[in-house]
1. In the range 171-277, which GluC sites (Glu not before Pro) are in a loop and have at most 11 other Cβ atoms within 10 Å, using DSSP for the loop call?
2. Ordered by residue, what ³J(HN,Hα) values in Hz, to whole numbers, does the range 282-294 give under the Karplus form 6.51 cos²θ - 1.76 cosθ + 1.60, where θ = phi - 60° and Gly and Pro are x?
3. So if R0 is 45 Å, what FRET efficiency would Asp223 and Ser43 give, r being the distance between their Cβ atoms, rounded to the nearest 0.05?
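Read-outs: derived from the displayed coordinates by stated rules, not from any lab. None of these values were measured; they are calculated from a predicted model. Note that each Cβ is placed from the backbone with ideal geometry, even for glycine, and that neighbours are counted across all protein chains shown.
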Amino acid sequence: MRADRLVSLVLLLRRRGRLTADTLARELEVSTRTVLRDIEALSAAGVPVYAERGRHGGFELLPGFRTELTGLNHDETLALLTAHSRRGRQTFGLGSALTSALRKVVDALPESHQATASEAARRFLVEPATDLLSRRPATEEVPGTTMAEIRRSVLAGHRLRIHYAATGQAPRWRTVDPIGLVTVRDRSYLLATRSGADRTYRLSRVLAAAELPEPAQRPDAVDLDRIWRERCAQFLSEDHITVLVRVNAERREDLLNTVVAVRTALPDADGRLRMEVTYQDLRHAEWGLWQLGTDAEALAPASLRAALHRRAAAMAARYRTTVPGPAGNEPP
């Protein structure tokens, strides 16, 4: 781990020139004291790093010093730089590793291409923090130490003990055999088995985790894509309500934001979309379709149409009369 940090420190100085100990500490996510120790280690190893004192001082490399790293072509580098998005930084707690890797990637390019690749990457924005409607996506935070334990257990093939808070239940400890990690729409999951039965755990509900020394009971080869498809199909078959809805095409994405899954989507005769979607239950379906107003119509089940009718009637009754203004006059 320290060797990687030393390489990152050298690359930071190569790319950005003179930097203070405080700046290096922020970039490397360590203490200032650790940075000073690393600088001493680099000097002892023969890396030409020196300190410039004074108001504008800091640490700097002698001009011309270059590390030996394998180079990549321009498009390969651009692909990796583009991956350094908000979502990429959060995935499985590997943000610091991704930042460090990208420093090495940029440094590996010929000097004539470094500025070009960095400038090109600034022209791409992947998964920004808000959309055009100024909605901020719900982010799920997993403590770094917890994520590290889970990640190590998955990669080492060891059993894992997790303190898990399932919906509607008190948190309790479980011992599982981890299979792999999946992230989808900013939500991350641990695929595992427990006592031989398939289990899927949402990482944001894992309160603590500990890697165990004994090996996990799992096959050597794994097809995560197939396993995820199978578990999705199983999830959709359990205690959910299927709704047939007709929706204006321009509100399709708004509908998708409220459903659990989409089973079918076909164009209707009037230009709208006829979609078969899945909600958690009747109450969830009523809430989701109410958000779309008259841009969507539930065709089935009848119980959902009745629930929406009652809600619309109550709303109409509430606004049937005009509320008087403060002086007894109607508002303009």
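1. Glu238
2. Those phi angles translate into 4, 5, 5, 5, 4, 4, x, 6, 5, 5, 8, x, 7 Hz.
3. Calculated transfer efficiency: 0.35.
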